[in-house]
1. Which of rounded, prolate or oblate describes segment 102-149 when judged by the alpha-carbon gyration tensor and an a/c cut-off of 1.5?
2. Specify whether the C-alpha gyration tensor of segment 174-294 places it in the rounded, prolate or oblate class, a ≥ b ≥ c being the square roots of the eigenvalues: rounded for a/c under 1.5, otherwise prolate if a/b is larger than b/c and oblate if not.
3. Among all helices in the chain defined by DSSP H, which have a length of 18 Å or more along the axis from Cα atoms plus a Kyte-Doolittle mean of at least -1.0?
4. Mind checking the alpha-carbon convex hull of the chain and giving the volume per residue in Å³?
5. Run the numbers for F41 and E143: contour at 0.36 nm per residue of separation, minus the present Cα-Cα distance, in nm.
6. Among R387, R112, which comes first, second and so on when ranked by fewest other beta-carbon atoms within 10 Å?
7. Would you mind checking K286/K326; K277/K367; K4/K213; K74/K146; K49/K198 for any pair whose Cα atoms are more than 31 angstrom apart?
8. Among L321, L202, L43, rank each residue by its count of other Cβ atoms within 10 Å, from fewest to most, as a rough exposure measure.
Amino acid sequence: MAKKENKFSDYGIGTQAIHTGTGYDEGTGAVRRPLHMANSFKLPDDLSKVNYSSTDLLMYSRNGNPNQHWLEEKTAALYGADDAIVLASGVGALHALFWTLLKSGDRVVYPRVSYMAVYRMFHELFNRKFGVDTVMTDMTDLEAVKAAITPGTRLVHIETPDNPTVGVADIAEIAKIAHENGAILSVDNTFASPLNQKPLDLGADFVVDSLTKFINGHGDAQGGAILSNDLETMDRIRYEAQVNVGAVISPFNAWQIMRGSVTFPLRMRRINESTQKIAEWLETRKNVTFVSYPGLRSHPGYELARRQMKNGCGGVIAFGLNADDKAVERFCAALKVVAFAVSLGHDESLIFPQPSYDERISLYPEKFRKGFIRFSVGLEEPEDIIRDLDQALQATGL
């Protein structure tokens, strides 16, 4: 496919979030493009040149649908990317990227701290099923990264900030190390969002974003995006992973995320500000053993985050309580405003404990191995969130 057109590229991200990918409906003149729930489209009269695995022609929803294409335009604009592919979920996007880039015998370097699905794909699936050499390393330690990325490495994948410890990796330096060794760099940018961080500008080759989270922002639709300026490889991903594996986004989910994305910059700025306040408050609590948030001077990645995260440090805090697993669960259950649930980036705040019996806990830094909680800050008044956290701490004797 050709480079995505962005008629609003000279405007700010707030204006692009509203206008890119939108337009008047041709049939009615409505200022909102419609939801197209069709799974099949009229074919041309001459079928001799039709490629049924192509995404260039609207023919079947697995090959693409209008709502998907409009969301791709908008997502590419938010990231300043030449192209975007939108799929059914963030994990669908990650799998599509890895599936397309890797083959048996390739070497992948991936983070010790990563999203569960990435851990599963590389720790269990790609190596056991397909013979991919998967190597885990601490992406916050550049010396460890240099030791792990050797000539012959095909792909380096990072998350920054990472899930769930909110560690920060140096995108520009890791891109340099990867490229010097002939490797491709992919970055999961979900925790940061495109308002705060644009990995392609820092040297990444591919970016993945779980649109389910901050860009949608309402906890009611799933989607994932791959972004890149490498148009040839993006076409391969469409052919190999979208059409012939089939993790295509539904038109309705694409329409919902398109709607949510309009307010994304406004919401993200509010979330940045609220999260900073709440992280600073948590540091004052006596039974809070640590607070990991890149906006805090106590965070080891603070200076790096100031350089590569331009508008704020995102909406996720990792913190610890001086408590065992059951006491942590009681604390989460005692919250009245904050929802005790998985996921992040919603309009409501969400909290999720990371138990000491998690199989990956030994991979995390020592302080994260007891009383560890991941907290996604929402759009409530920050003072109300703080009051809720405070009453739950008191209710559980913490």
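1. On the way: a/c = 3.47, a/b = 1.46, b/c = 2.37.
Since a/c reaches 1.5 but b/c is at least a/b, the shape of segment 102-149 is classed as oblate.
2. Details: a/c = 2.52, a/b = 1.37, b/c = 1.84.
Oblate, since a/c reaches 1.5 and b/c is not below a/b.
3. On the way: long enough: 66-79 (20 Å, -1.03); 264-282 (26 Å, -0.65); 382-395 (20 Å, -0.49).
Helices meeting the criterion: 264-282, 382-395.
4. Values: hull volume 55.9 nm³, N = 398.
Once divided by residue count, the hull of the chain is 140 Å³.
5. Numbers: separation 102, 0.36 × 102 = 36.72 nm, distance 5.31 nm.
Computed gain between F41 and E143 is 31.4 nm.
6. Working: R387 13, R112 20.
Neighbour counts put them in this order, fewest first: R387, R112.
7. Working: K286/K326 19 Å; K277/K367 22 Å; K4/K213 23 Å; K74/K146 36 Å; K49/K198 39 Å.
Over 31 Å apart, Cα to Cα: K74/K146; K49/K198.
8. On the way: L321 23, L202 19, L43 13.
With the fewest neighbours first, L321, L202, L43 line up as L43, L202, L321.
Quick note: the coordinates plus some simple rules give every number you see, no bench work behind them. Computed from a predicted structure; not experimentally measured. All Cβ positions, even for glycine, are placed from backbone atoms using ideal geometry, and neighbour counts span all protein chains on display.
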